[in-house]
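The values are calculated or read from the model by the stated rules, or taken from the named source; none is laboratory data. Quantities reported herein were computed from a predicted structural model and do not represent experimental measurements. Cβ atoms come from the backbone with ideal geometry, glycine included; neighbour counts cover every protein chain shown.
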Amino acid sequence: MSSTLTEKDNRRIQRFALALPTRIEVQVDEKFAWNEVTRLEDVSGFGAAFVLKRPVKRGRLLVISAPMPRQLRCFDYLEPQYRIWGLVRRCIAVGDNPAARTYAIGIAFIGKNPPQGYLENPSRLYELAPRDDGGLWQIVEAEANPDETDLPVYLRRHSRFSIPEALLLELLDENGDVAASEVSVTENLSLGGAAVFTSFNVDIGSFLRVKSERHDITIISVVRGKRVGADGIVRLHLEFIDHLFPLEGIGVG
């Protein structure tokens, strides 16, 4: 996937409208993974587009498996299923009804195997970078807080807004049952996550179910960070997993 462009590459980089059945596998972190069967919208030897029922954060890695034509493959030419890693480059919400909303996903293929160190920390995010040797691209770990002001909204990793939004937090145990609950409020909020005030004594990697009565939405989230403010109150930094938060409903979408 990183060789210089050739005439063959130029042919393979053309996108084809092939509605192939495809399995998408996403490993959110060491504990949580999900998969979904969909169909490709279009595909080339270097990337693909498809629609999912839940969002995937830009920069996350995933695996797709599809009966890809041989001319679009870089390896495993005789295997019935072509299994290749991809990097999410865009995630666009489709539809006005939150209950029936889907997400248009675009990925860049990165090869047969994930980058070194990914399996030890599958929650990390990545970015594409140009190669010094003239190749197509290389994959690098993304910055924790990149400057995305020049990017269109759908390519940003999600800007945070200082919005106090009332939420019900439900702490989930290893069986997915509710171990404790509390009413809280956000310190800041984005499409893909939030910082919330809490009295919970939880570790990074814990799972919470977040409920908004006002927006009639329930979101599974994972604790990505934890800090104590100057006021002595603990904040949890949450990543939303199975839905985006409907910011358009509070006037900042």
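Can you go through LEU191, LEU236, LEU208 and tell me which one is aliphatic (A, V, I, L, M), within 21 Å of VAL28 (Cβ to Cβ) and in a loop (DSSP other than H, G, I, E, B)?
Only one candidate qualifies: LEU191.
Criterion first (out of contact with any Leu (no Cβ under 7 Å at 6 or more places or on another chain) and on the phi > 0 side of the Ramachandran plot) does GLY117 satisfy it?
Yes: the conditions hold for GLY117.
With at pLDDT 95 or above and surrounded by fewer than 16 Cβ atoms within 10 Å (Cβ to Cβ) as the only criterion, which of VAL94, VAL37 stands out?
VAL37
Look through GLY111, GLY106, GLY117 and report the one residue that is surrounded by fewer than 16 Cβ atoms within 10 Å (Cβ to Cβ), at pLDDT 70 or above, within 26 Å of ALA17 (Cα to Cα) and assigned by TED's automatic domain parsing to the domain that holds TYR82.
GLY111
Restricting attention to the range 159-200, which residues are surrounded by 21 or more Cβ atoms within 10 Å (Cβ to Cβ) and over 17 Å from ILE220 (Cα atoms)?
none
Inside the range 45-58, can you point out the residues that are among the small types (Gly, Ala, Ser) and either at pLDDT 90 or above or part of a strand (DSSP E or B) (or both)?
GLY47, ALA48, ALA49
Could we say that ILE84 is surrounded by 15 or more Cβ atoms within 10 Å (Cβ to Cβ) and under 14 Å from PHE46 (Cβ atoms) here?
In short, yes.
State yes or no: is ARG73 closer than 23 Å to LEU128 by Cα and at pLDDT 85 or above?
Answer is yes for this residue.
Determine if the range 78-85 includes at least one residue that is in a strand (DSSP E or B), in contact with a Leu (Cβ under 6 Å, 6 or more places away or on another chain) and among the β-branched types (Val, Ile, Thr).
No, there is no match, as no residue in the range 78-85 is in a strand (DSSP E or B), in contact with a Leu (Cβ under 6 Å, 6 or more places away or on another chain) and among the β-branched types (Val, Ile, Thr).
Counting only residues that are among the hydrophobic types (A, V, I, L, M, F, W, C) and either in contact (Cβ under 8 Å) with a residue 60 or more places away in the chain or within 17 Å of HIS243 (Cα to Cα) (or both), which one in the range 201-232 is surrounded by the most Cβ atoms within 10 Å (Cβ to Cβ)?
Ranking the qualifying residues of the range 201-232, first place goes to LEU208.
From the list PHE75, PHE32, PHE46, which one is in contact (Cβ under 8 Å) with a residue 12 or more places away in the chain, over 23 Å from ILE220 (Cα atoms) and either surrounded by 14 or more Cβ atoms within 10 Å (Cβ to Cβ) or among the acidic types (Asp, Glu) (or both)?
Answer to the check: PHE46.
Name the residue that is modelled with the lowest pLDDT, counting only residues in the range 159-177 that are farther than 16 Å from GLY193 by Cβ and among the small types (Gly, Ala, Ser).
GLY176
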